[in-house]
Amino acid sequence: MPPAPSSFKAALQRLLLHPRAPAGVALLCALPGLYLVYGAFTESLGVNPAETLIRQSGDLTIRALCYVLLVTPLKDLLRMPAIIRHRRTLGLAVLAYASLHLLCYAWLDMGLELEDITADVFKRPFIFVGMAGFVGLIALGATSFNAAIKALGPKRWRRLHQTVYALAGLAVLHFYWMRAGKHRFDDVIFYGAVLALLLLYRVVKVLRERLSSP
Ligand code: HEM
């Protein structure tokens, strides 16, 4: 007989709280990136491996961003606070994939020429917006540790980390601008809609908390 939903939930909760769960989540997050890098080394990324690497690492970044913003809604809907324990790992995965994406662009598109990269940032608006998003992600990654929460204070830390929604907006704008020349917006609309729904959930939650507090 299949386990009752409540015992499945209890088993999932135990799994999420397992001492090795953070390492497991980190490994799961790393797998698609490792697969991409494996593809590069085995020359199985198609006719234009540089383009595939840049685009797929960009896709992995925006997907990781969706997963990290899904943590709070999932915690609320499943009533499973243990999920929150893995938010930092997911957040760091976003930064790691954005760094891989930037590295692929800087190396494969620009030959690691700092002057050319700087010129490109100010020449192409979609690169400027991507870079602004990356700088924001660095600020969030650098303050994602307990010492930073202590130093900033929980209120200021929370306010800083809420800017992740603005960074999601920059990510969608970057994606939209990049695709505008190609007139292909299907994926942009998909990720834009997912991120807009996640933002809407957050706004409704904050409003409800404010209205219910005396
Ligand atoms: C918040 C950080 C970022 C996110 C979420 C992001 C996301 C994306 C996505 C989803 C794509 C399109 C992939 C596809 O077509 O399937 C893309 C493409 C691209 N991104 Fe980013 N990106 C970010 C930051 C950056 C940065 C910092 C740079 C470089 C300075 C950059 C340069 C590029 C380039 C060159 C392309 C491909 C353009 C082309 O093939 O024509 N991105 N990015």
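The values are calculated or read from the model by the stated rules, or taken from the named source; none is laboratory data. The structure displayed is predicted, hence computed values, not measured ones. Virtual Cβ from ideal backbone geometry, glycine too; neighbours counted across all protein chains shown.
The single condition among (1) more than 30 Å from residue 145 (Cβ to Cβ); (2) surrounded by 19 or more Cβ atoms within 10 Å (Cβ to Cβ) that residue 47 does not meet is (2).
The helices (runs of 4 or more DSSP H) found entirely in the range 87-192 that carry 3 or more residues being more than 9 Å from the ligand (Cβ to nearest atom) and in contact (Cβ under 8 Å) with a residue 12 or more places away in the chain are 87-104, 125-142, 154-161, 164-180.
Scanning the range 48-84 for residues that are modelled with pLDDT of 95 or more and of a type in the set (Lys, Arg) gives 55, 63, 75. Take the residues in the range 179-206 that are modelled with pLDDT under 95 and not basic (Lys, Arg); name whichever of them is surrounded by the most Cβ atoms within 10 Å (Cβ to Cβ). Residue satisfying both the conditions and the ranking: 180.
Of the residues in the range 182-198, at least one is within 17 Å of the chain's Cα centre (by Cα) and under 22 Å from residue 85 (Cα atoms). Just one of the listed residues (50, 26, 40, 30) is free of Cβ contacts under 8 Å to residues at least 40 places away in the same chain and assigned to a helix (DSSP H, G or I), and it is 40.
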